Amino acid sequence: MIKLRGITFRLHPLFLLLMLAAVATGYFAELLTLFVIVLIHELGHVAAARSFGWKVIRVQLLPFGGVAETEDGGRSSALQETVVALAGPLQNGWMALLALAMGGLGWWEAEWSDYFLKANLMIGAFNLLPVLPLDGGKVMQALVSRWLPYYRTLVLVSLVSLLLSLLLAAAALLGFRSSGIQLNLLMISIFLAYSNWYGYRNAPFQFMRFLMNREPVTDRLIDKGTLAQPIVIYRHRTVAEIVRLFMRDKYHLVYIMSEQGCIQAVLPEQKLLYVYFQLNRPGSAVSDIFVLE
């Protein structure tokens, strides 16, 4: 474990075992190259995150990739998350072009240039798969949150990622008919499936964190001026049901409607959050809390 400029870099123990195995089998240079590629990929995420003022907690290098753990304080937008996610594969893009150029100029051996090119394309392309917690999954989640309420986004993207993870595992197992079981892909798929099952079960907790960090988001939106996203609900709906309709990068005005179709009140989202957290009444109907005309 190394700490550099406030960031902890941690090498997974299995990676050390792989390095020892690589030394024994004569593939140390190839593994070291993969290590450097993954590290540069993660540093791309780190640079983009820090440019937005996010706190980077640690970078963990796994046997099959890396994870940059960040903390944005709930202030990030879908656009920022997309930029940070794509900053990793972007590093693989320029490194692949470097391999082509160095090989074309004859400055690298053709075999080495080909290996460096394929390694970058493989890592970059795999990370762009629409599966959480891969970069493509984060981009998918950011895009979906532009059209769906954030709670539905968390649930839907977790389920889609889980399904795709299981399909990857099935593809790895079915490979035994031709070239044998693809053990690396199977291990990665199992890890992704577990992560997304865990993410699906913890969607309510992730959503709670989203709500707790709404204040800086609403302050930012109102400060620059924004078009309010209306939410229209009947008076018998609970506060918990209403806040689950909140969207990530939108500010909401909640229109309370009677069963006869009359608008009885218009509430800013801050009042719903006050009832949710300060009064601790998420299960109460809005008609039981607010005076409606």
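The values are calculated or read from the model by the stated rules, or taken from the named source; none is laboratory data. Computed from a predicted model, the values in this text were never measured in an experiment. With ideal geometry, Cβ positions are generated from the backbone for all residues, glycine too; neighbour counts draw on all protein chains shown. The protein model used for the area step is the full one, side chains on, heavy atoms only, and it has no ligands, DNA or RNA in it. Shrake-Rupley method; radii C 1.70, N 1.55, O 1.52, S 1.80 Å.
Here are some notes:
- The accessible area of residue 111, taken with all protein chains in place and a 1.4 Å probe, comes to roughly 150 Å².
- Straight-line cross-link partners of residue 250 among the aspartates and glutamates, defined as a Cα under 19 Å from its Cα and at least 8 positions apart when in the same chain: 72, 81, 215, 219, 223, 241, 269.
- The stretch 126-220: relative contact order as a whole-number percent, Cα under 8 Å and 6+ apart: 27 percent
- Compared with the alpha-carbon gap, the fully stretched path from residue 260 to residue 58 is longer by 67.2 nm at 0.36 nm per residue.
- FRET efficiency, 1/(1 + (r/R0)^6) with R0 22 Å, evaluated for residue 187 and residue 67 via beta carbons: 0.90
- P(r) tail fraction, the stretch 68-199 - alpha-carbon pairs more than 23 Å apart, %: 46 percent
- Between residue 110 and residue 253, the simple spin-label model (points 7 angstrom out along Cα→Cβ) gives 6.9 nm.
- The alpha-carbon of residue 118 sits under 30 angstrom from the alpha-carbons of these lysines, leaving out residues fewer than 8 places away in its chain: 138.
- For a paramagnetic label modelled on residue 159 (point 7 Å from Cα along Cα→Cβ), amide N atoms under 19 Å away belong, within the stretch 112-145, to 130-133, 137-138, 140-145.
- Computed Kirkwood radius, in angstrom, where 1/r is averaged over Cα pairs of the stretch 149-293: 17.8 Å
- Spin-label model distance (nm) - residue 220 vs residue 39, 7 Å beyond Cα toward Cβ: 3.2 nm
- Put simply, when 93-100, 250-257, 217-224 are sorted by average Cβ atoms within 10 angstrom per residue, most first, you get 250-257, 93-100, 217-224.
- R0 of 35 Å, Cβ-Cβ distance residue 234-residue 205: FRET efficiency to nearest 0.05: 0.80
- Between residue 171 and residue 244, full extension at 0.36 nm per residue minus the direct alpha carbon distance yields a gain of 22.7 nm.
- Packing rank of 204-216, 235-247, where each peptide gets the mean count of other beta carbons within 10 Å, highest leading: 235-247, 204-216
- Cα-based radius of gyration for the stretch 100-162, normalised by 2.2 N^0.38 Å, reads 1.68.
- Computed label-point distance, nm, for sites residue 285 and residue 147 using a 7 Å Cα→Cβ extension: 3.4 nm
- Surface per residue (accessible, 1.4 Å probe) for the stretch 180-265, Å²: 58 Å²
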